[in-house]
Amino acid sequence: MRDPQKPGSPLWPTITIRDGRMLRVRDSFLFAFFLRREDIQPAIVGDAFRRFLNGIGHGKIRFFVDEEGEMLPFPRDYAALIEQDVVEPTARADYAELALLGSEENANVHEVFYCHNPEVPAEERPNKLSVLTFRIAQETFLDVDTSGVISFFEEMCALLSCEYAYGHPALVCDNAHERTYPIVKRYPGFDIAEPASAAWNIRGRIMGPYWLNAFGPSVMSTLGPSSVTPEALPPEVEIRTLQNGIVVAKLGEYPAVGDVNRRDRLPLYRDVAKRWEHALLQPEILYFQPTEDIDYPRVAQEEWHRRFVDE
């Protein structure tokens, strides 16, 4: 979508759907980092928050809503966030999403969600891996440019020693798949997955091909090291190994969401998806909901996760 002759031109279409003044769906760029619970340390997670808010996040998030609906300021020590049950930031439209799910015990699940309306109640949603996510608007992406986004992604991978991570354009929605499903039918590259649901059974597997992909030891074992080399992948894929051994794969110069109406079905992503199909995750937790367009949500959810390998 980007016009190389026009610096700062959009990388993906702007999506905004409102109900009156309430913003229900919007586009964003999502960073998702999947962590082993035993590796989560308040000081390190707090450092991740700090680096985001003081860096690529431009310090925009300043307050959140707790479980009682009280508006509270972000603590100066961001590590303190994981000592509280934080469920939803108040800045719905223009700010980032941060989410941290802590342990398998419902008494110690810490969340900060852009939109919080999971189909599965928290007490019934244990997770085998925790997930820390950040979102930025496309304007922020263009402001820091691809180099800044890649630098932040790799910095977080090194800091958090994640098992798996990805960065890609994604739709923010309140489980409103009746609104997002038609959008991803046209723009198949937009991510609409719920990382917190995938965390339940993602160990050693991947959510699919994204612009930025990071693989820790368990994922590399499933993929097979020979599947993530320059020789095994198209020339547009760049491979880099970080000092902590995490392998980062970047698909193309810029992130892409495609456009079926213009016959752009993301051939690079489809090619890579077929090479990595043996490691593809099928989430056990159902987060799609029945709608006018989705009679069988589990089938639709599985088809969406396999959209690059079955067509």
Could you list all residues from the range 263-304 that are under 18 Å from the mean Cα position of the chain (by Cα), farther than 19 Å from residue 226 by Cα and of a type in the set (A, V, I, L, M)?
281, 285, 286
Quick one: would you say residue 170 is buried (at least 21 other Cβ atoms within 10 Å of the Cβ), at pLDDT below 80, within 25 Å of residue 44 (Cβ to Cβ) and within 11 Å of the chain's Cα centre (by Cα)?
no
Number of the exception - residue 255 against (1) more than 18 Å from the chain's Cα centre (by Cα); (2) closer than 16 Å to residue 167 by Cα
(1)
Answer residue from the range 208-243, given it is under 22 Å from residue 131 (Cβ atoms) and hydroxyl-bearing (Ser, Thr, Tyr) and is surrounded by the fewest Cβ atoms within 10 Å (Cβ to Cβ) among those
221
What number of residues within the range 222-277 are of a type in the set (Val, Ile, Thr), touching a Lys or Arg at 6+ places or on another chain (Cβ under 7 Å) and part of a helix (DSSP H, G or I)?
2
Are any residues in the range 203-218 within 16 Å of residue 168 (Cβ to Cβ) and of a type outside the set (S, T, N, Q), and if so, which ones?
206, 207, 208, 209, 210, 211, 212, 214, 215
Out of (1) out of contact with any Leu (no Cβ under 7 Å at 6 or more places or on another chain); (2) closer than 19 Å to residue 283 by Cα, what's the single condition that is false for residue 207?
(1)
In the range 278-311, how many residues are of a type outside the set (S, T, N, Q), farther than 27 Å from residue 149 by Cβ and in a helix (DSSP H, G or I)?
7
Which one of 299, 309 is touching an Asp or Glu at 6+ places or on another chain (Cβ under 7 Å), free of Cβ contacts under 8 Å to residues at least 60 places away in the same chain and of a type in the set (Val, Ile, Thr)?
309
Of the conditions (1) among the polar types (S, T, N, Q); (2) in contact with a strand residue (DSSP E or B) (Cβ under 7 Å, 6 or more places away or on another chain); (3) under 23 Å from residue 36 (Cα atoms), residue 221 clears all except one; give me its number.
(2)
Condition set in contact with a strand residue (DSSP E or B) (Cβ under 7 Å, 6 or more places away or on another chain) and charged (D, E, K, R), scope the range 237-257, selection nearest to residue 209 (Cα to Cα): answer is 250
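Here is a yes/no grid of residues against (1) modelled with pLDDT of 95 or more; (2) among the small types (Gly, Ala, Ser); (3) in contact with a His (Cβ under 6 Å, 6 or more places away or on another chain); (4) at positive phi:
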residue	(1), (2), (3), (4)
134	no, no, no, no
145	no, no, no, yes
158	no, yes, no, no
193	no, yes, no, no
197	no, yes, no, no
242	yes, no, no, no
245	yes, yes, no, yes
Looking at the structure I just gave you, is residue 301 buried (at least 18 other Cβ atoms within 10 Å of the Cβ) and either closer than 21 Å to residue 164 by Cβ or not polar (S, T, N, Q) (or both)?
yes
Give the range 10-58 a look and list any residue that's closer than 29 Å to residue 253 by Cβ, at pLDDT below 85 and either in a loop (DSSP other than H, G, I, E, B) or of a type in the set (Asp, Glu) (or both), or say none.
55, 56, 57, 58
Return a yes/no flag: does the range 227-242 have any residue that is of a type in the set (Asp, Glu) and either in contact (Cβ under 8 Å) with a residue 60 or more places away in the chain or closer than 20 Å to residue 32 by Cα (or both).
yes
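The values are calculated or read from the model by the stated rules, or taken from the named source; none is laboratory data. What you see is a predicted model; the values in this text were computed from it and never measured. Cβ atoms come from the backbone with ideal geometry, glycine included; neighbour counts cover every protein chain shown.
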